[in-house]
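The values are calculated or read from the model by the stated rules, or taken from the named source; none is laboratory data. On a predicted model such as this, the values are computed, not experimentally measured, just so you know. Glycine gets a Cβ as well: all are built from the backbone with ideal geometry, and neighbour counts include every protein chain shown. Protein only, heavy atoms only, side chains kept; ligands, DNA and RNA dropped before computing areas. Shrake-Rupley method; radii C 1.70, N 1.55, O 1.52, S 1.80 Å.
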Protein chains: 4
Amino acid sequence: MNTIGKIFRVTTFGESHGMAIGGVIDGMPAGIEINLDKVQYELNRRRPGQSSIVTPRDEKDQVKILSGIFEGKTTGCPIGFIVENTNQHSSDYENIRNTFRPSHADFTYTSKYGIRDYRGGGRSSARETISRVVAGAIARQALEQIGIQIYAYTSQVGNIALDNDYKKYDCSLIETNDVRCPDAEVAKKMHNLISEVKNDGDTIGGVITGVIKNCPIGLGEPTFGKLHAKLGEAMLSINAAKGFEYGMGFAGVGNRGSELIDNFINNDGKISTTSNHSGGIQGGISNGEDIYFRVAFKPVATILKEIETIDKDGKSTILKAKGRHDPCVLPRAVPIVEAMAAMVILDAYLLNKTIHL
Amino acid sequence: MNTIGKIFRVTTFGESHGMAIGGVIDGMPAGIEINLDKVQYELNRRRPGQSSIVTPRDEKDQVKILSGIFEGKTTGCPIGFIVENTNQHSSDYENIRNTFRPSHADFTYTSKYGIRDYRGGGRSSARETISRVVAGAIARQALEQIGIQIYAYTSQVGNIALDNDYKKYDCSLIETNDVRCPDAEVAKKMHNLISEVKNDGDTIGGVITGVIKNCPIGLGEPTFGKLHAKLGEAMLSINAAKGFEYGMGFAGVGNRGSELIDNFINNDGKISTTSNHSGGIQGGISNGEDIYFRVAFKPVATILKEIETIDKDGKSTILKAKGRHDPCVLPRAVPIVEAMAAMVILDAYLLNKTIHL
Amino acid sequence: MNTIGKIFRVTTFGESHGMAIGGVIDGMPAGIEINLDKVQYELNRRRPGQSSIVTPRDEKDQVKILSGIFEGKTTGCPIGFIVENTNQHSSDYENIRNTFRPSHADFTYTSKYGIRDYRGGGRSSARETISRVVAGAIARQALEQIGIQIYAYTSQVGNIALDNDYKKYDCSLIETNDVRCPDAEVAKKMHNLISEVKNDGDTIGGVITGVIKNCPIGLGEPTFGKLHAKLGEAMLSINAAKGFEYGMGFAGVGNRGSELIDNFINNDGKISTTSNHSGGIQGGISNGEDIYFRVAFKPVATILKEIETIDKDGKSTILKAKGRHDPCVLPRAVPIVEAMAAMVILDAYLLNKTIHL
Amino acid sequence: MNTIGKIFRVTTFGESHGMAIGGVIDGMPAGIEINLDKVQYELNRRRPGQSSIVTPRDEKDQVKILSGIFEGKTTGCPIGFIVENTNQHSSDYENIRNTFRPSHADFTYTSKYGIRDYRGGGRSSARETISRVVAGAIARQALEQIGIQIYAYTSQVGNIALDNDYKKYDCSLIETNDVRCPDAEVAKKMHNLISEVKNDGDTIGGVITGVIKNCPIGLGEPTFGKLHAKLGEAMLSINAAKGFEYGMGFAGVGNRGSELIDNFINNDGKISTTSNHSGGIQGGISNGEDIYFRVAFKPVATILKEIETIDKDGKSTILKAKGRHDPCVLPRAVPIVEAMAAMVILDAYLLNKTIHL
């Protein structure tokens, strides 16, 4: 199941230390101008080595489009693409060849498939998300044409958290710091926490908030294709994600219904709501208000400390991670969250075109 | 998109006040003995009118199996079923015929489709979940044969919450009270809160915890078919769900990686983990430990108070709900959460059979 | 896999002698007026007992729509429907309970599933096609709104064949005889042949020709979703179908390319072709010309003669069919071919709406 | 829709004159040893320039596997692959940039997408089948492990035809001549006809027969996933295919049922049939007998003669094809037919594993 989407479908392939990471984007609308610089820009946001608080691996992650774009425009035919793996040190991983790293996918992959490409996590590596960022960056160029805007930011690192209300923050500030947090002061604290955790050889989790503005009314399908269910599925498919909520989310369960009702008003013919506890989705279908959601990311398990674990034969062994890892995945996960949101929204937009003859 | 699942696929149909609610279960393994009393038992758990804290509507919700079961066993052919709508008062809904109830699906359905069966919410009614309960009850009978056990319970109502650790509670106590909470004392408090809210003509939200025990190692697909992403999608597709988390969930983002690592141990050849912050899923694939997750449900918007809203023509109007509604959906949502979990796990189990020749 | 289609999806259920045959139509466009008499009309064309050359079983085959149509129009929600089985004589089939009828599905179903509803062929019975006819009749009402016309007719019975060129025949004559052949004289010969075969207790095969007029340009997907591949798959899924061809078909393989080229012409801005060997589809995509195709149906294997076969235990036994069967399936298969064509074309039409933003 | 299959899924991308043709194979069982020489061998059978009766284009068509195979074995992860386009003369196609070649996909692609990569047919080029041959060659290596054997051969070119009974021919002779016909004498006649047609600047059609031996009992799904419907869909998705039949096919419609019944016999516990008019499939499910089928290919429309046609603006123009083309696609289509059959059978095999718990 390396495909997501129904109309706009993205299939990815590639292991961390294989020849290339890549994918196929199928169902992209025809005739959309594609700016490849924008695709590379998103890849650069995801790229290792971009700051002192992310893994120092130096990967260029240059995308090559192999098909589906002709004279600068999408043709409606599938867009094949690859990103070659260039700075892979397989030897870094010799020590985990036969060892199951705790809280990683080593054990489950080996159990499921009977075989595992152990180099750098193989298919379970977050390098797979390169393909998502490429696909999302292309989807986004279609969405821009219909005025839909998507952004995400780091809203919590460890216990340092922004207020839940995204409207308090200016999204133009997100890229002004290496944490991707729109509040400079909080960003500094987050940066310091990540640095501290890094120095300890440890890791820390956090929350990313995503926002979708100007989403047309009517996207999403009742029952099993609810827009928030598709967003949730997509977000939970990102490595290290542990939770998803939208609108009032978990925090709203303590309220009474009367406190959270979003009243309708008619502003010169445009129906909107006076509040937006619903998170822009009612009955699984977008209602034209801002869609907002939060994704929890765990502190990843690759810590630079000795850990007792077992090997393939079930024997005890001591593991000391060597590779070059992220103390906190949040800053690099922001463009991935945006990419997944773009893919889900474009898919829902195209599917919604089939509701009427 | 009224179908969920890839191998075990459930398609549902039916509106609240139409002739019948029903569905088709396709991909059910052949040769499984089906006890229809168990199916009806689950429907009864979901049924309105079962206690003083749920809607007093008196619906029998008797399931009729139309195909796919022969001489008490599944044949591998699709199982069609219906539950007739018997106690429907369409007149209850005349007042919402042209009105958009706030925080309901009236506005989004009308906008999307240009037409809406307004009687009782039509397709957006939670009566649709009847079909899910039937399908889940049948899936569960297959899962029982391979030893998989699924249960859910109300773990929070308003701000009254159990401890997050499901292992502290005895699942055999869940059905001993009308809230479906395994702690009798807390259940009493929850019951009282719901009664109070009901008397106020208001509603209240909460959290349901789900647990899957004895899940075989290897279920779930890497990348886009991660087991928790499929569980999340399924849970978020339930009416009123606003969030999903599994394992350490949102609470774990404040921890350091070193605090949450689940160490492997070898117990006489059986590899397990000493803790289970991962929630039984690593890299998207079940690792044999208990799977546990939490689903947030909002306080639903049908309150028995006058609300200002607008009608189809965009004019202001006052709405006073009449129908018979639930002050808190949690007690009746417990069997729905279990049903969705059963469907997802059976689907993953069957799909996992295709990994090897 | 009891579902066909990607956007317009039909899922069927039901066995010949179960409680009901039925299905769910999902993805039907919203707001389409549905005339149920037209649905029943198509069911009557498929109905047993309609003439002296089909099975004398007297089945009323009354359709009940359970959902998805409100105040005479489709709502965009799934359309559930059933047709109750009323005139089923299970006792007719006691003799095949443990016997594998040759050239039927008894052996393969039993081998695949380990269990079989032997009554009247169970799921393998052509009664399953009732659900297709219902779904096709509803699809057709959407297609009529965009001017697409679909018809089929019996073009060959045994060795009595019409000319391959459908343009020689007047489709308004199809329903004027019980064979559903638009040439009265040939129809009479076909009728006589079927009667003769019936008197012999034997069966005979034939060919049905299908025609789709006014199909918009652009339906069908390159590569794996070619319009003719989808039509072929749909037609080959009909019981007793053995072959499918479109346009020049098998007959064209003897020609040279230069003989079969369809030249383009520009008629006042409308581009069309001077001939139509392509059959209205080029590169898998409709080109606006008539789509025409042929489906081969075998002489079915239920003959009223003693046949030596084996039983479930592999022992020799003599089988003498009792049931009431069709000497030739062609007349009743005509509406099924039309129904499948309508489903495929509507699905392609809706999918084609997603090509552009 | 550039994906085929449900469990074993192949997604292809690439245009004739783009950077590369490629694809992703998802759902390949884990742990299968892959011999890449066998993959290249199949590509060489499809390759242009291999004999005097095919296009003289000199394309090496070297496959590069990018993922999913580790230490010589499949890992269960998606297999990405590319074949670079090396010998492409875009200038050959300047003359068709604005012209619609008759009986090609130029007009339909332009109409559907509003844009077209005109170089060498772009996506509609038969170069796309490279990806199918790669995927088929990998599927085949899984099938070999369970003893399934697949072969195809040219059974008709123009009006020169073999007997319909595949059992009369020795499949080991197929590769002994450039037509891929297992009868040396007939092959010579076919070769001469193709040469003659080539000298005339014309093209000729034909038929390919496919055979699947040792297919396990039980593959294929009743109703919409009948094994022959899936084979038909797959074969009709090959460029230039115009018809598909299996078993008795079109020829059997003239027979009576009593003539074509395949009687069961019990050979020491193995149930088989004394004849095989059914073509190895009954009720849509394989019965253990040989599966055989025939695919009609049209004479392709690229002829080296002046043809009158129209351009993008609807104006008349004269077209004289320059490129380097095949006078008869049959010899090079044989490995494509085999590849599609391998993909369909492996998919059905894997799906059949989900029938029982």
Practice item. Tell me, for the rotation carrying C onto A, which chain C residue has the beta-carbon closest to the axis and what that distance is in whole Å. Key: C:K353, 2
Study note, to complete from the structure: The percentage of the accessible area of segment A:224-357 (probe 1.4 Å, all protein chains present) made up of carbon and sulfur atoms, to the nearest whole number, is 46 percent
Point to revise | Kirkwood-Stokes translational diffusion coefficient of segment B:209-275, alpha-carbon pairs, 10 °C, 1.306 mPa s, µm²/s | key: 110 µm²/s
Check your understanding: Any idea what the C:S51 label distances to the other copies are, label 7 Å down the Cα→Cβ vector, nm, shortest first?
Key -> 4.9, 6.4, 7.8
**Study point:** Ellipsoid semi-axes in whole angstrom, largest first, where each is sqrt(5λ) of the Cα gyration tensor of segment B:240-357
**Key:** 43, 19, 13
Practice item. Kindly rank D:234-247, A:37-50, C:238-251, C:69-82 from highest to lowest mean number of other beta carbons found within 10 Å of each residue. Key: D:234-247, C:238-251, C:69-82, A:37-50
Check your understanding: Structure shown: which of B:K167/B:K270; B:K226/B:K353; B:K320/C:K73; A:K112/D:K6; D:K6/D:K60; B:K198/B:K320 lie over 27 Å apart, alpha-carbon to alpha-carbon?
Key -> B:K320/C:K73; D:K6/D:K60
**Study point:** Furthest towards positive pole of dipole, C:N214, C:I4, C:L36, structure part segment C:3-355, Cβ charges
**Key:** C:I4
Review point. Given only helices, namely DSSP H runs of n ≥ 4 each adding -39500 (n - 2.57), what is the per-residue ellipticity at 222 nm of chain D, to the nearest 500 deg cm²/dmol?
Key: -8000 deg cm²/dmol
Exercise for review: List the distances, in nm to one decimal, from the label point of B:S272 to the label points of the same position in every other copy, shortest first, placing each label point 7 Å from Cα along the Cα-to-Cβ direction.
Suggested key: 5.1, 5.5, 7.5
Review point. With each pseudo-label sitting 7 Å past Cα toward Cβ, what's the A:Q50-A:T317 distance in nm, one decimal?
Key: 3.4 nm
Review point. How large is the Kirkwood hydrodynamic radius of segment B:57-160, in angstrom, based on all distinct alpha carbon pairs?
Key: 17.2 Å
Exercise for review: Report the FRET efficiency, 1/(1 + (r/R0)^6), for C:I271 and D:N199, where r is their Cβ-Cβ distance and R0 is 41 Å, rounded to 0.05.
Suggested key: 0.80
Practice item. Any chance you could give the angle, 0 to 90 degrees and rounded to 10, that helix D:184-199 forms with the longest Cα principal axis of chain D? Key: 20 degrees
Review point. Per 20 Å bin, what percent of the C-alpha pairs of the protein assembly as shown does each bin hold, from zero upward?
Key: 10, 39, 38, 13, 1
**Study point:** Environment charge at A:C181 (Cβ cut-off 13 Å; Lys +1, Arg +1, Asp -1, Glu -1)
**Key:** -2
Exercise for review: Evaluate peptide D:210-220: per residue, the Cβ atoms of other protein chains within 10 Å of its Cβ; return the mean as an integer.
Suggested key: 2
Review point. In square nanometres, what is one fourth of the surface area of the convex hull spanned by the alpha carbons of segment B:119-160?
Key: 4.5 nm²
Check your understanding: Highest mean first, what order results for B:300-306, D:338-344, A:277-283 on Cβ atoms within 10 Å?
Key -> D:338-344, A:277-283, B:300-306
Review point. Cα-Cα pairs above 17 Å in segment C:162-312: how many percent?
Key: 71 percent
Practice item. Using the 7 Å Cα-to-Cβ label point, sort the distances from C:P216 to its equivalents in the other copies shortest first and give them in nm to one decimal. Key: 1.5, 4.5, 4.7
Study note, to complete from the structure: Sequence order, segment B:133-144: Karplus ³J(HN,Hα) from phi using 6.51 cos²θ - 1.76 cosθ + 1.60, θ = phi - 60°, Hz rounded, Gly and Pro as x, gives 5, 4, 5, x, 5, 7, 4, 4, 5, 6, 4, 4
Check your understanding: Per residue, how much space in cubic angstrom lies within the convex hull of the C-alpha atoms of segment C:1-124?
Key -> 129 Å³
Check your understanding: How many Cβ atoms of partner chains, on average, are near each residue of B:124-132 if near means within 10 Å of its Cβ?
Key -> 2
Revision key, fill the gap. Sorted on mean Cβ neighbours within 10 Å (highest first), peptides A:53-62, C:284-293 come out as C:284-293, A:53-62
Exercise for review: About the Cα centre of chain C, how large is the charge dipole given +1 on each Lys and Arg Cβ and -1 on each Asp and Glu Cβ? Please answer in debye to the nearest 20.
Suggested key: 620 debye
Practice item. At 1.4 Å probe size, with every protein chain present, just tell me what the per residue accessible area of the protein assembly as shown comes to in Å². Key: 31 Å²
Check your understanding: So how compact is segment D:178-219: Cα radius of gyration and Dmax in angstrom?
Key -> 15.4, 49
Practice item. Note down the relative contact order for chain B as a percent, whole number, built from C-alpha pairs under 8 angstrom at least six residues apart. Key: 22 percent
Check your understanding: Which value, in Å³ per residue, describes the convex hull spanned by the Cα atoms of chain B?
Key -> 156 Å³
Check your understanding: Taking Cα atoms, how many degrees apart are the long axis of helix A:227-236 and the longest axis of chain A, rounded to 10 and kept between 0 and 90?
Key -> 10 degrees
Practice item. Report the accessible surface area buried between chains D and C, summing both sides, using a 1.4 Å probe on protein heavy atoms only, in Å² rounded to the nearest 100. Key: 7900 Å²
